[in-house]
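Asks: Here it is, the structure, as structure tokens.
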Amino acid sequence: MRVAVVPAAGIGRRFGGKKQFFKIGGREILEYPLKVLNKSDLIDGIILVLPQEDLKRGEELKEKFPKLLRVIPGGKERQSSVYRGLLAAEEFSPKEVIVHDGVRPVIELSTISDMVIALSDYQSDGIVLGVKPKETVKEVESPLEPGDFIVKRTLNRDKLILVQTPQLFKFRVLLECHKRAEKEDFFATDDAALLERYGYTVISIPGDYRNLKITTPEDLKVAELFLKEIGAIPD
């Protein structure tokens, strides 16, 4: 069995509201990835992680997305929300788990297929999506003022990728890594970093520059264009 855990428990302080519930093309952002995951033949069930006060809202989504197995409350951090999702998924005894941010609406069925094939072919513990940086990337030192830094050095773009979700893992491996991280009070910015920390193998395959994470209000307009491009929003 392969399940998907969708962390969408953010409250969007900097954005000005809960991003996952903002609408693009007449549909809430969260619904776009749920629709793809629900449609995929490679996904058997979905665990959705929402803010405590929005659980009823999540339960209503089960009518649209029959593969939605559980709607559970998230934690203060993304990592805590994913961990709760994994614990909820454990009762279904999955062999693999996909973790996908609820505020990344521009995903396609082919992406899931590519990741599943890669996990099998490489016999790795995890698969992530990565795209090469287009701009020059520099490492900076402590800030002089907000937004101002002394530049330390320029990094080699050939050895850098920008990592996206969905990410695919062997379920038991990811659950073990989360348990160890919780005991150590270690927090990472994505789940693959936990596998890296504990010595497991993670492989990167090509991502899609259109697979943006909604971070600022400007991203809504960009995402709408991309969703129209892939046919998720009718012209």
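Asks: For the stretch 135-159, enumerate the residues that are in contact with a strand residue (DSSP E or B) (Cβ under 9 Å, 6 or more places away or on another chain) and either of a type in the set (S, T, N, Q) or closer than 30 Å to Val99 by Cβ (or both). Quick ask: steps written out before the conclusion?
Replies: Let us first name the residues in the stretch 135-159 that are in contact with a strand residue (DSSP E or B) (Cβ under 9 Å, 6 or more places away or on another chain), namely 136-144, 149-155.
Those that are in contact with a strand residue (DSSP E or B) (Cβ under 9 Å, 6 or more places away or on another chain) and either of a type in the set (S, T, N, Q) or closer than 30 Å to Val99 by Cβ (or both): Thr136, Val137, Lys138, Glu139, Val140, Ser142, Thr154, Leu155.
Asks: Being of a type in the set (Val, Ile, Thr) and under 23 Å from Val106 (Cβ atoms) is the requirement here; does Ile150 meet it?
Replies: Working: of a type in the set (Val, Ile, Thr): yes; under 23 Å from Val106 (Cβ atoms): no.
Judged against the criteria, Ile150 is not a match.
Asks: Looking for something farther than 29 Å from Pro94 by Cβ and surrounded by 12 or more Cβ atoms within 10 Å (Cβ to Cβ) - is there at least one such residue anywhere in the stretch 202-213? Break it down stepwise before answering.
Replies: To start, the set of residues in the stretch 202-213 that are farther than 29 Å from Pro94 by Cβ comprises 209.
Filter again for surrounded by 12 or more Cβ atoms within 10 Å (Cβ to Cβ), leaving 209.
There is at least one residue in the stretch 202-213 that is farther than 29 Å from Pro94 by Cβ and surrounded by 12 or more Cβ atoms within 10 Å (Cβ to Cβ).
Asks: Give Lys35, Lys18, Lys67 a once-over and let me know the one that is among the basic types (Lys, Arg), closer than 28 Å to Ile230 by Cβ and modelled with pLDDT under 95. Spell out the reasoning first.
Replies: Numbers: Lys35 fails: modelled with pLDDT under 95; Lys67 fails: modelled with pLDDT under 95.
That would be Lys18, the only listed residue that is among the basic types (Lys, Arg), closer than 28 Å to Ile230 by Cβ and modelled with pLDDT under 95.
Asks: I need a count of the residues in the stretch 135-155 that are surrounded by 10 or more Cβ atoms within 10 Å (Cβ to Cβ), farther than 30 Å from Ala118 by Cα and β-branched (Val, Ile, Thr).
Replies: Number of matching residues: 2.
Asks: When residues of the stretch 103-134 are filtered for being open to solvent by 80 Å² or more (accessible area, probe 1.4 Å), in a helix (DSSP H, G or I) and out of contact with any strand residue (DSSP E or B) (no Cβ under 8 Å at 6 or more places or on another chain), how many remain?
Replies: Going through the stretch 103-134 one residue at a time, the tally reaches 2.
Asks: So, restricting to strands (runs of 3 or more DSSP E) that lie completely within the stretch 147-235, which ones have at least 1 residues that are out of contact with any Ser or Thr (no Cβ under 6 Å at 6 or more places or on another chain), β-branched (Val, Ile, Thr) and under 23 Å from Tyr32 (Cβ atoms)?
Replies: Working: elements: 148-154, 162-170, 202-206.
By residue number, 162-170, 202-206.
Asks: While we're looking at this one, here's another question. Condition check: of a type in the set (A, V, I, L, M) and either touching a Cys at 6+ places or on another chain (Cβ under 9 Å) or within 26 Å of Val82 (Cα to Cα) (or both). Does Leu160 satisfy that?
Replies: yes
Asks: Would you tally the residues in the stretch 162-192 being farther than 17 Å from Leu119 by Cα and open to solvent by 20 Å² or more (accessible area, probe 1.4 Å)?
Replies: Residues meeting the conditions: 13.
Asks: How do the pairs read when you match residues in the stretch 219-235 that are more than 20 Å from Gln20 (Cβ to Cβ) with residues anywhere that are of a type in the set (A, V, I, L, M, F, W, C) and at pLDDT 95 or above, using Cβ under 6 Å and keeping only pairs 6 or more apart or on different chains?
Replies: none
Asks: Report yes if Leu160 is modelled with pLDDT of 95 or more and more than 17 Å from Val131 (Cα to Cα), otherwise no. Explain how you work it out, then say what you get.
Replies: On the way: modelled with pLDDT of 95 or more: yes; more than 17 Å from Val131 (Cα to Cα): no.
The answer is no for Leu160.
The values are calculated or read from the model by the stated rules, or taken from the named source; none is laboratory data. This is a predicted model, so every value here is computed, not measured. Quick reminder, even Gly has a Cβ in these numbers, built from the backbone with ideal geometry, and neighbours come from all protein chains shown. Just the protein is used for accessible areas: all its heavy atoms, side chains included, with ligands, DNA and RNA removed. Shrake-Rupley method; radii C 1.70, N 1.55, O 1.52, S 1.80 Å.
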